[in-house]
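To start, the structure under review is shown below, and the notes come after it.
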Amino acid sequence: MKTMGNGRIPLFASLPDSEIVRLLASMKRVSVPEGTLIIQEGVPGDRFYLVIDGQLEVIKALGTQDERFLGNLEPGDGFGEMSLFDPDGLRVASVRARTAANLYEMAHADFHELIHRWPSVTYEIASTLSQRLCTAHNNTICELQEKNRLLAQAYRELQHAQGQIIEKEQNLSYLMAQVLAAQEQERERLSRELHDELGQSLLVLKLQAGNIQEQIDKNPAVAEAECRKMSANLNQLVENVRRLSRDISPAVLQDLGLTSALRHLVHEFAKRHNLQANFKVPPGLEKLFAREAQINIYRIFQESLTNISKHARASSLTVAVTRKAGMVSFLLVDNGKGFQLEEVFGREPTDRGMGLGTMEERVRMMGGILEIKSQKGRGTEISFSVPIRKNDQVVPK
Ligand SMILES: Nc1ncnc2c1ncn2[C@@H]1O[C@H](COP(=O)(O)OP(=O)(O)O)[C@@H](O)[C@H]1O
Ligand SMILES: [Mg+2]
C-alpha cells in the first residue's frame, strides 16, 4: 500500500508495503473541516502531516497585503517535514484546508524512531526537501525577476510622466509667452488704429473746419453742406473712438454687464460684417463670474469674432450659453469655410497665429476646457465651459 487516494506517497516510496501499513497505523488520524488553518507561518511546530483525502492550500504571508498562493496539496502529499529535523523552527508558510480533509499526523519522536529503523526514508525526505528548496529558490528568483521587471516598468512610467510634466511646463510657458505677445500685438494694433484712423479723421475734420471758416461768409450754402459732412464725419469718429475704447478696456462690462456686453459685441459685429446673428444667452451672466473671468470671456468672444471676420467668410453666427451643474458653457458656431485642426496645430509655432492658443490659455486659467471643432467647408464650433464664481484667477488685461 504505497498509494493514498489516487497517488503514491512519494516520501515513503522506499519503504516496503508492510512498513507503510505499520507506519500509517502508528500515525494519528485527524479530520479537519474546510477552512482549518493546519499550520501557521511564523509559528513553531514539530508535526509532519500526510494528506489522506481532501485538498489543502499553501499560502505565504496569509492575511497580509502580500498574501500569495504557493500551491495545492493533494492526497499522498506531505507537509511540515522541516519540523521533523528542526522541531523549534518556525513554519515558513501556512497550510489551510480548502475542503474538509483527513490527515495523518506524525510527531517528532515517531519520525526519529522511523529513521532509526529505515534510514532510507531519510534519503527520500532529504531529496524531497532539497527539491522543495530548489523550487522555492527558483520561485524566489522568478519573483525577484518579476519585481525587477515591474520596478523597471514603473521607473520608465515615472520617467515618461516626468517628461510629460516638463513638456506641459514648457507648453505653459510657451502659452504664457503667447498671451504676452498677443497683448503686445493688440497694443500695436490699437496704436496703429489710433494713429491711422483717428489721426486721419481728425485731420479731415481740421481741414473741413478750415474750409467752413473760409466759406462761411463768402458762400454760406457750401459752408452748410460742408458742415453736414463734418457732422457725419464726427459721428463716425465718435463711433470709432467708442469701438477703440471698448477694445482697449471692455468698460462695457462694467456699464452693461457681461450678457449685454456680449450681445452688443455680437450684434455690432454681425452688423459690421453683414452676418445673421443668433444670440441665445441668459441674462445676468455677470453675477456668476469674477470680473477677471468676465474679461477673459469677453476677450475670447472678441478673438473668436476676429477669427470669423478674418478667416471664416461666414454668413451666420450662433452664440449659445447654457448653465448647468456649477458650470457655464459657451458655444460660438459659424457656418464659414472651416479649417483642419491638424493642419493649424501642426504648423510651426512661429507660423501659427496666437488667437486660438491665447483663447485656450484664458479658458485654462479660469479652470475650464476649450474645445474646437472645425471641418473644411462645414464651419467652426468653439465651445468652452467655465466654473461659476472663481474669484482668484490671474488674468492678462
Ligand atoms: N472661425 C474660423 N474659420 C475658419 N478658420 C479659422 C477660424 N478660426 C481660426 N481659423 C484658422 O485657424 C488659424 C489659427 O487661428 P489663430 O490662432 O486665431 O491665428 P490667426 O487668426 O492669427 O491666424 C487661422 O489662421 C485659420 O486658418
Ligand atoms: Mg486669430
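Bear in mind these aren't lab numbers, they're just calculated from the coordinates by the rules spelled out. Predicted, not measured: the structure shown is a model, and the values here were computed from it. Here the Cβ is made from the backbone with ideal geometry for all residues, glycine too, and neighbour counts use every protein chain on show.
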Within 10 Å, count the other beta carbons around each residue, average over each peptide in 20-28, 327-335, and list them highest first.
327-335, 20-28
Chain lengthening between LYS337 and THR99 when straightened (0.36 nm per residue, less Cα-Cα):
78.4 nm
Sorted from largest down, what three extents in whole angstroms do the Cα atoms of segment 146-271 have along their principal axes?
104, 29, 22
If you consider only alpha-carbon coordinates, what radius of gyration and Dmax does segment 3-117 have, in Å?
14.1, 47
Distance in nm between ARG378 and ASN72 label points, each 7 Å along Cα→Cβ, equals 5.7 nm
Out of all DSSP beta bridges in the chain, what portion is antiparallel? Express it as a percent rounded to 5.
90 percent
In the chain, with Lys and Arg counted as +1 and Asp and Glu as -1 at Cβ, which of these residues, ILE125, THR318, GLN40, has the Cα nearest the positive end of the dipole, that is, farthest along it?
THR318
Taking Cα atoms, how many degrees apart are the long axis of helix 17-26 and the longest axis of the chain, rounded to 10 and kept between 0 and 90?
80 degrees
Give me the extension gain from ASP196 to CYS142: residue separation times 0.36 nm, minus the current Cα-Cα distance, reported in nm with one decimal.
11.6 nm
By how many degrees, 0 to 90 and rounded to 10, does the Cα axis of helix 291-307 deviate from the longest principal axis of the chain?
70 degrees
How big is the Cα convex hull of the chain in projection, averaged over all directions, in nm²?
33.2 nm²
Is there a quick way to get the dipole size of segment 82-132? I mean about its Cα centre, with the Cβ of Lys and Arg at +1 and of Asp and Glu at -1; what is the value in debye to the nearest 20?
300 debye
Quick check: pseudo-label points 7 Å beyond the Cα along Cα→Cβ at HIS273 and THR36, how many nm apart are they?
8.5 nm
Between ARG189 and ASP217, what's the calculated FRET efficiency when r is the beta-carbon distance and R0 is 41 Å? Round to 0.05.
0.40
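At 222 nm, what helix-only mean residue ellipticity would the chain give, in deg cm²/dmol to the nearest 500, using -39500 (n - 2.57) for each DSSP H run of four or more?
Helix-only estimate at 222 nm: -17500 deg cm²/dmol.
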ARG29/ALA126 FRET efficiency (R0 30 Å; Cβ-Cβ; nearest 0.05):
0.70
Stokes-Einstein at 37 °C, 0.692 mPa s, Kirkwood radius from Cα pairs: D for segment 250-397 in µm² s⁻¹?
211 µm²/s
Starting from the 7 Å offset along Cα-to-Cβ, what nm value, one decimal, do you get for the label separation of LYS60 and GLU167?
3.8 nm
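Using per-residue counts of other Cβ atoms within 10 Å, averaged over each peptide, order 49-60, 206-217, 144-155, 284-295 from highest down. Each step should come with its number before you reach the end.
On the way: 49-60: 20.2, 206-217: 13.3, 144-155: 10.0, 284-295: 18.6.
The most tightly packed comes first, giving 49-60, 284-295, 206-217, 144-155.
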